[in-house]
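The values are calculated or read from the model by the stated rules, or taken from the named source; none is laboratory data. Fair warning: this is a prediction, and the values are worked out from it, not measured in the lab. Cβ placement follows ideal geometry from the backbone for every residue including glycine, while neighbour counts extend to all protein chains displayed.
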Amino acid sequence: MAMDKKIEKQKMAPWKMGLIAVVLVGGGWFLYQLLADASIRTYRVPEEQLIVSTVQFGAFEDLIPIRGTIQPFESVFLDAVIGGSVEEVFVEEGSFVERGQPLVQLSNTQTRLSAAQADAGTTEQLNFLNNLTTGFEYQKLNTARQIIDTEYRIITLERQKRRFERLIDNSLISEEEFDAINDELAYQAKVLQNLKARQFVEDTERDDRLEQIATQIVMLTENLEISQTSFESLLVKAPIAGQLTSFPVEPGESKQNGQRLGQIDVIDQYKIVAQIDEFYVTRVVPDQAATFTLTGAEYAARVVKVYPEITQGTFEVDLVFEGLTPDNIRRGQTLQMELTLGNPIETLLLPLGGFIQDTGGNWVFVLDATGEFAMRRDIRVGRRNNRYVEVREGLQQGERVITSSYGQMEDMERIQLTQ
């Protein structure tokens, strides 16, 4: 009986082992990439539906688009100082008026009566004060006359005393008569002293009272003028020369105190009134330049006034034309303008697009070298105008970025471009 032969197991060739190892490693890597790609939120979109822009290095012009409205450089509003019924209208809306020209006559019976009563009362008070002033003058003259009489009496007594002194030595008059002269002279001296003291008091009091009376007369005169002016204000006149662009007034209708009657515009010079987003309120200052195109020609304007008040997210500026003024412009006409906020600077630029509203400029989708995929990347932007946004961090010159609106792509991490 033959013996069984032991068969030895052949060892695998090294090259086969290496091949298996490569296949296993490659398969594992492929599986890892497949799983990794599956974990990334990817959005597939046809390439023709996107706008792709290239990051470039160039001069950034700090411009912002604004919309301005043509307005007269100077306008004056007409208000009813005193309300009343419209009695007569002298001009029509749209007419050119001169300064001081009557426009409308209002009628107010109560105002007429009040003005008449005020005139009568003021006149009576003025007459009373004038009588007081006259009385003070009479008092001054009366006191001065008494002083003159007393001084004359003293002079006469002194002259008589000197004669009596010679006569008494010769015993031609009695001592009683001489003493009477001396007593009368001393009495008149005291009277004169009293009169001068009274005159000083009267002068001081009179000066004070006359000053008060003068002040009261001025006030009463002003009140009288105001009363007359309020009555005269029922006749509304043009405060300036210009065009009566608004005048909704009809005979017979009633106007309240302070109610707007119309508007007069100075039409030989215009300005541009623009509303600007409050984001730029600290960067807009007088003398900044703006440009706009009208009927194929380019014009310039300059900021002359910035209003700091912010209303509904915007603030207002006034601009005037620089150089040539457009022909045939009309009040209320709208202009699309570009306002220059600063000098051009060299920096990285990214064309502006719908992405800026979706991301706020905080991130973008950047295409890879093949142009087949775009990955989400955080960036930091600076100033922007109506064409470009300034790139400060996150992008390099020459990189391509999806700049169209992201829409449904906002929550994705990668965009795959398809044909």
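So how many residues does region 405-419 have that are small (Gly, Ala, Ser) and surrounded by fewer than 16 Cβ atoms within 10 Å (Cβ to Cβ)? Don't jump to the end; show me each part of the working.
Filtering region 405-419 down to residues small (Gly, Ala, Ser) leaves 405, 407.
Checking which are surrounded by fewer than 16 Cβ atoms within 10 Å (Cβ to Cβ) leaves us with 407.
So the answer is 1.
For residues in region 174-201 being among the acidic types (Asp, Glu) and modelled with pLDDT of 85 or more, which is surrounded by the fewest Cβ atoms within 10 Å (Cβ to Cβ)? The qualifying residue surrounded by the fewest Cβ atoms within 10 Å (Cβ to Cβ) is Asp183.
In region 335-358, the residues that are over 21 Å from Arg67 (Cβ atoms) form Cβ pairs under 9 Å with partners that are surrounded by fewer than 16 Cβ atoms within 10 Å (Cβ to Cβ) and among the aromatic types (Phe, Trp, Tyr), at six or more places apart or across chains, as follows: Glu346/Phe57; Thr347/Phe57; Leu348/Phe57; Leu349/Phe57. Is region 143-152 home to any residue that is under 60 Å from the mean Cα position of the chain (by Cα), within 16 Å of Glu202 (Cα to Cα), touching a residue at least 40 places away in the same chain (Cβ under 8 Å) and part of a helix (DSSP H, G or I)? No: zero hits.
Might you let me know whether region 272-293 holds any residue that is surrounded by fewer than 16 Cβ atoms within 10 Å (Cβ to Cβ), at pLDDT 85 or above and more than 24 Å from the chain's Cα centre (by Cα)? Checking region 272-293: at least one residue is surrounded by fewer than 16 Cβ atoms within 10 Å (Cβ to Cβ), at pLDDT 85 or above and more than 24 Å from the chain's Cα centre (by Cα).
Just one of the listed residues (Gln49, Gln110, Gln125) is surrounded by 15 or more Cβ atoms within 10 Å (Cβ to Cβ) and either of a type outside the set (A, V, I, L, M) or over 30 Å from Arg302 (Cβ atoms) (or both), and it is Gln125.
Matching residues to (1) on the phi < 0 side of the Ramachandran plot; (2) exposed (fewer than 15 other Cβ atoms within 10 Å of the Cβ); (3) outside any strand (DSSP E or B):
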| residue | (1), (2), (3) |
| --- | --- |
| Thr215 | yes, yes, yes |
| Met219 | yes, yes, yes |
| Glu225 | yes, yes, yes |
| Ile240 | yes, yes, yes |
| Val249 | yes, no, yes |
| Gly252 | no, yes, yes |
| Asn257 | yes, yes, yes |
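Restricting attention to region 279-300, the residues that are in contact (Cβ under 8 Å) with a residue 40 or more places away in the chain and either closer than 22 Å to Gly360 by Cβ or not hydroxyl-bearing (Ser, Thr, Tyr) (or both) add up to 8. Only one entry of Ile310, Ile264 meets the criterion of being assigned by TED's automatic domain parsing to the domain that holds Phe77 and in contact with a Leu (Cβ under 8 Å, 6 or more places away or on another chain), and that entry is Ile264. Of all residues in region 384-403, those satisfying the criterion of being within 12 Å of Leu352 (Cα to Cα), surrounded by 15 or more Cβ atoms within 10 Å (Cβ to Cβ) and in contact (Cβ under 8 Å) with a residue 40 or more places away in the chain are Asn385, Tyr388, Val389, Glu390, Val391, Val401, Ile402, Thr403.
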